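Quick notes on the structure that follows.
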Amino acid sequence: MKVLVVTNMYPDINPECSYEGIFVKEQVDCLNKLSNIQCDSFIIKGFESKLNYLFDAFKIFFKVSFNHFDVIHVHYGLSGLFVLLNPFKSWKNVVLTLHGGDILSKQGKYIQNFITKAIVKRVGNVITLNDEMNGIVSKINHNFTMLPCGVDDELFNSCYSANRKNIIIFPGSMNRQVKNFPLFNEIFQEYKKIDSEVEFTELDGLSRDEIAVKLSQSKLLLMTSISEGSPQIIKEALSSDLAIISTDVGDVKSVVGNTLGTRIISSKETPLQIANSINTVIKDALDSPTNRRARVFTKELTQNLIMKKLLNIYERVMNND
């Protein structure tokens, strides 16, 4: 099977966000390990200029026109702009993975949302990350599958204990508006009144190994995002058995479920109310070591299991082509 992966996110490409798209690379690496898969990649540097999406659309169009690929797997809506260049061609062998801002209006990318919907209509299968995406895609294309990226359960592998450092993790860059650092900071400052020795760390500009160490050593991950698709950091935190508090975004609620040592906060709660719940969540995590890690296996979120499901999608679009 010959696969072309088209993506606008890949680690060490964007100097301002070196780890962006690590889950795409991990997926590509998994594909390359399979003897029956030949995987090629095309990376769009959309962070340099939005015009690169248009210029590269022509390059991709010619690449797939003069080379045979059984499956073309596109990550992010605008990366699939090439399918609009020939309105008469069938693109049944194209799999499009949506990632959030490309299809969800909460991030205010209305033009992208409009273009992405046109692309969704043309492809053979759409991979969504949560129920909100399903609601949008189902009105445009009936061939969709909800499938998050898998987590490396070998790299992110630890057990919760009282030996962890008194650190709360902010999962992302403080400069990214969608991550909502102001809310995180309000909650943190309220909790500091309860525990004056607590510290926080920002997961920005770190290697995978460094992130794995942070998740294995800290007491809590507090995610305050305004919008997400299927945040990889939540699955990595679960696999690291870390206590988690998060806003109700993307697929977080369904991923963590009612697992002890996790909590979903509502938009009606004040920073003080959330801060007052932190010790309870930490205690629950201490009372239930390995429970969060077990959730990864219960939900079948490991890389190997997700890869099997992805290959089933590939086989399906090949047969429909």
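Bear in mind these aren't lab numbers, they're just calculated from the coordinates by the rules spelled out. Predicted model only: the values in this text are computed from it and were never measured. Counting neighbours? That spans all protein chains shown, and the Cβs are built from the backbone with ideal geometry, glycine included.
The tail of the calculated P(r) for the range 167-298, taken as Cα-Cα distances beyond 20 Å, holds 39 percent of the pairs.
Our estimate of slack between LYS192 and LEU305, defined as 0.36 nm per intervening residue step minus the Cα-Cα distance, is 36.7 nm.
At an R0 of 51 angstrom, the distance between the Cβ atoms of GLN217 and HIS68 translates into a FRET efficiency of 0.60.
Computed over every Cα-Cα pair of the range 5-107 and binned at 5 Å starting from 0, the pair-distance distribution P(r) comes out as 2, 12, 22, 25, 21, 13, 5, 1, 0 percent.
Can you give me the relative contact order of the chain as a percent, contacts being Cα pairs under 8 Å and 6 or more apart? Display every interim value, and only then the final one.
Values: 624 pairs, mean separation 53.4, N = 321.
Relative contact order, the chain: 17 percent.
Take each peptide in 232-243, 76-87, count the other Cβ atoms within 10 Å of every residue, and average; sorted highest first, the result is 232-243, 76-87.
Near the amide H of MET146, within less than 5 Å, lie the amide hydrogens of THR128, all on another chain or at least 5 residues away, with H placed in the peptide plane. Helix 208-217 axis versus longest C-alpha principal axis of the chain: approximately 30°, rounded to the nearest ten. When peptides 146-155, 26-35 are ranked by their average number of other Cβ atoms within 10 Å per residue, the highest-first order is 146-155, 26-35. Multiplying the residue separation of ASN86 and THR201 by 0.36 nm and removing their Cα-Cα distance gives an extension gain of 36.6 nm. Phi angles of the range 264-275 translate, via the Karplus equation with coefficients 6.51, -1.76, 1.60 and θ = phi - 60°, into HN-Hα couplings of 9, 9, 9, 5, 7, 6, 8, x, 5, 4, 5, 4 Hz per residue; Gly and Pro are given as x.
Each peptide in 118-125, 174-181, 279-286 gets a packing score, the mean of other Cβ atoms within 10 Å over its residues, and the list from highest to lowest is 118-125, 279-286, 174-181. The 3J(HN,Hα) values that the Karplus relation (6.51, -1.76, 1.60; θ = phi - 60°) gives for the range 58-71 are, in residue order, 5, 4, 5, 4, 5, 4, 7, 6, 10, 9, 8, 10, 5, 9 Hz. Gly and Pro appear as x.
Treating r as the C-beta distance of SER161 and LYS106 and R0 as 35 Å, the FRET efficiency rounds to 0.40. Across the range 232-247, rounded Karplus estimates of 3J(HN,Hα) from the backbone phi angles (6.51 cos²θ - 1.76 cosθ + 1.60, θ = phi - 60°) give 4, 4, 5, 5, 5, 5, 4, 5, 8, 6, 7, 5, 9, 10, 8, 5 Hz, Gly and Pro being marked x. Amide H to amide H, with H built 1.01 Å from N, SER41 comes under 5 Å of VAL5, counting only residues 5 or more places away or on other chains. Where q = 0.14 Å⁻¹, what log10 of I(q)/I(0) comes from the Debye formula for the chain, counting one point per Cα? Treating every Cα as an identical point scatterer, log10 I(q)/I(0) equals -1.08. Between GLU210 and ASN32, full extension at 0.36 nm per residue minus the direct alpha carbon distance yields a gain of 61.6 nm.
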